[in-house]
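Peer 1: Sharing a structure with you now.
The values are calculated or read from the model by the stated rules, or taken from the named source; none is laboratory data. Quick caveat: nothing in here was measured; it's all calculated off a predicted structure. A quick note on method: Cβ atoms are made from the backbone with ideal geometry, for glycine too, and the neighbour counts reach across all protein chains shown. Each accessible area value is taken on the protein alone, full model and side chains, heavy atoms only, with ligands, DNA and RNA left out. Shrake-Rupley method; radii C 1.70, N 1.55, O 1.52, S 1.80 Å.
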Protein chains: 2
Amino acid sequence: MHQPEHLKSAGLKSTLPRLKVLDLFENSKERHLSAEDVYKQLLASGEDVGLATVYRVLTQFEQAGLLVRHHFEGGKSVFELNKGDHHDHIVCLQCGHVEEFHDPAIESRQQKVATGLGFAIRDHSLHIYADCTKKKCPHKR
Amino acid sequence: MHQPEHLKSAGLKSTLPRLKVLDLFENSKERHLSAEDVYKQLLASGEDVGLATVYRVLTQFEQAGLLVRHHFEGGKSVFELNKGDHHDHIVCLQCGHVEEFHDPAIESRQQKVATGLGFAIRDHSLHIYADCTKKKCPHKR
DNA sequence: ATGCAAATGATAATCGTTCTTATTTGCATT
DNA sequence: AATGCAAATAAGAACGATTATCATTTGCAT
């Protein structure tokens with residue numbers, strides 16, 4: 001159990017709801033979870049947390065750098081553990097599974113384009129929405 | 001005035017609110033407008049349209065292919081006239097202005113990456129959030 | 001001019017998220 | 001181990017964007 005230290009070093013008190021949420025992200029099958037996902041999974045595990053707390057904790061974790069927030073289509077925010085690397089996302093239109101990728105060529109082109117237009121990149125997001133080409137979509141929800 | 005034909009060919013009755021909205025997109029300074037933007041500008045022009053109608057019309061125009069919808073950060077949908085071309089967006093963090101660009105190298109890399117992972121791209125969005133590097137941001141709201 | 005389906009406007013409802021506030025908890029100090 | 005207090009929580013109200021409901025109005029073919 002090394003989670004309390006994670007929280008401590010992030011300047012966050014080691015409370016039960018925070019440990020539960022962090023644990024969920026570290027042990028969940030899907031890397032990408034919405035606030036609703038987190039809330040429901042905690043309730044299903046018998047944990048008794050409030051939805052407002054989930055939202056607060058997710059935002060705090062994002063600010064602390066423990067989680068990264070993404071805005072996929074559909075409006076709702078989705079979070080994932082911050083592995084320290086940057087990557088883009090392919091969202092499967094069939095099952096909603098999110099696959100990650102990183103392409104240095106794309107990244108450097110973005111820099112060139114932005115610089116050429118007189119902008120300094122602060123952040124960017126590349127989302128590809130696609131169909132899995134295998135006969136049966138392998139990513140069960 | 002060629003707008004009524006636009007609507008007709010899209011299978012939409014030529015009504016006053018729809019003409020107003022279409023006209024606004026064709027004559028507005030900013031290419032990218034939210035439902036709220038459209039509603040407020042119509043009210044400001046003395047036109048009396050309902051907010052619900054604006055939302056409905058925007059969605060219909062999107063489905064008819066007259067407008068394209070984008071989801072920038074901040075949650076709300078933004079629309080622009082469909083010019084038929086695909087392009088990506090740089091959003092100025094200072095003033096909210098949206099600049100468009102198209103980079104074939106990025107596009108082709110995306111195809112390669114998606115194919116390599118076993119996906120067929122249906123749609124994608126690349127949003128760069130950046131600061132304008134000129135001393136004074138030239139894009140006044 | 002007439003009729004009727006389609007479109008509108010006002011408003012209620014919904015969804016994701018944030019705010020408010022009274023209560024509870026973590027944890028440092030006795 | 002008991003105490004105190006700031007920080008964190010839970011419940012529900014509030015919020016902003018969007019969608020649904022429904023009675024009224026409008027476009028347009030007859």
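Peer 1: I'd like the Karplus ³J(HN,Hα) series for the range A:10-15: coefficients 6.51, -1.76, 1.60, θ = phi - 60°, whole numbers in Hz, and an x wherever there's a Gly or Pro.
Peer 2: So the Karplus estimates, Gly and Pro as x, are 8, x, 10, 4, 7, 9 Hz.
Peer 1: Next question. In nm, one decimal, shortest first: how far is the label point of A:THR59 (7 Å from Cα along Cα to beta carbon) from the matching points in the other copies?
Peer 2: 2.8
Peer 1: Would you check the range A:3-81 for Lys pairs whose C-alpha atoms are within less than 19 Å, ignoring same-chain pairs closer than 8 in sequence, and give me the count?
Peer 2: 5
Peer 1: Quick one: which residues, 5 or more positions from B:PHE119 or on another chain, have an amide H under 5 Å from its amide H? H modelled 1.01 Å from N in the peptide plane, none for Pro or chain starts.
Peer 2: Amide H neighbours of B:PHE119: A:THR133.
Peer 1: Still on this structure: Tell me the per residue accessible area of the range A:8-141 using a 1.4 Å probe; a whole number in Å² is fine.
Peer 2: In whole numbers, the range A:8-141 has 54 Å² accessible per residue.
Peer 1: Provide the per-residue ³J(HN,Hα) series for the range B:93-100, in order, calculated from phi with Karplus coefficients 6.51, -1.76, 1.60 and θ = phi - 60°, each as a whole number of Hz, with x at glycine and proline positions.
Peer 2: In residue order, the calculated couplings are 6, 7, 10, x, 4, 10, 9, 9 Hz.
Peer 1: Further, regarding this structure: Hey, what's the Kirkwood Rh for chain B if you take every pair of different alpha carbons, in angstrom?
Peer 2: Evaluated over chain B, this radius sits at 16.9 Å.
Peer 1: I would also like to ask the following. Say a label goes 7 Å from Cα toward Cβ at B:GLY11 in every copy; what distances in nm does this one have to the rest, shortest first?
Peer 2: 5.5
Peer 1: Also: Per DSSP helix of 4 or more residues, -39500 (n - 2.57); summed, then divided by the residues of chain A. What does that give at 222 nm, rounded to the nearest 500? Walk me through the numbers before you get to the answer.
Peer 2: Numbers: 5 runs with 56 residues, N = 141.
Calculated at 222 nm, the ellipticity per residue is -12000 deg cm²/dmol.
Peer 1: Could I ask something else about it? Mind listing the Cα extents of the range A:3-81 along all three principal axes, in Å, largest one first?
Peer 2: Ordered largest first, the range A:3-81 gives principal extents of 34, 27, 23 Å.
Peer 1: Further, regarding this structure: In whole Hz, what ³J(HN,Hα) sequence does the range A:122-132 give by Karplus (6.51, -1.76, 1.60; θ = phi - 60°), x for Gly and Pro?
Peer 2: 9, 6, 7, 9, 10, 10, 10, 9, 8, 9, 6
Peer 1: For the range A:88-130, list log₁₀ I(q)/I(0) at each q in 0.33 Å⁻¹, using the Debye formula over Cα point scatterers of equal strength and ignoring solvent, two decimals each.
Peer 2: One equal scatterer on each Cα of the range A:88-130 leads to -1.12.
Peer 1: Count, for each residue of B:104-116, the Cβ atoms from other chains sitting within 10 Å of its Cβ, then give me the mean as a whole number.
Peer 2: Details: counts 1, 6, 10, 2, 2, 6, 8, 1, 3, 10, 8, 2, 2.
Per-residue shielding by partner chains comes out at 5.
Peer 1: Here's another thing I want to ask about it. Estimate the FRET efficiency between A:LEU117 and A:ASN27 by the formula 1/(1 + (r/R0)^6), using the beta-carbon distance for r and 45 Å for R0, to the nearest 0.05.
Peer 2: For A:LEU117 and A:ASN27, the calculated efficiency is 0.55.
Peer 1: For the protein assembly as shown, just run the numbers: alpha carbon Rg, then divide by 2.2 N^0.38 Å, N being how many residues it has.
Peer 2: Normalised by 2.2 N^0.38 Å, the Cα Rg of the protein assembly as shown equals 1.16.
Peer 1: In addition: Which cross-chain or sequence-distant (5 or more) residues have an amide H under 5 Å from the amide H of B:LEU67, H modelled 1.01 Å from N in plane?
Peer 2: Sorted by chain and number, the residues that satisfy this are B:GLU62, B:ASN82.
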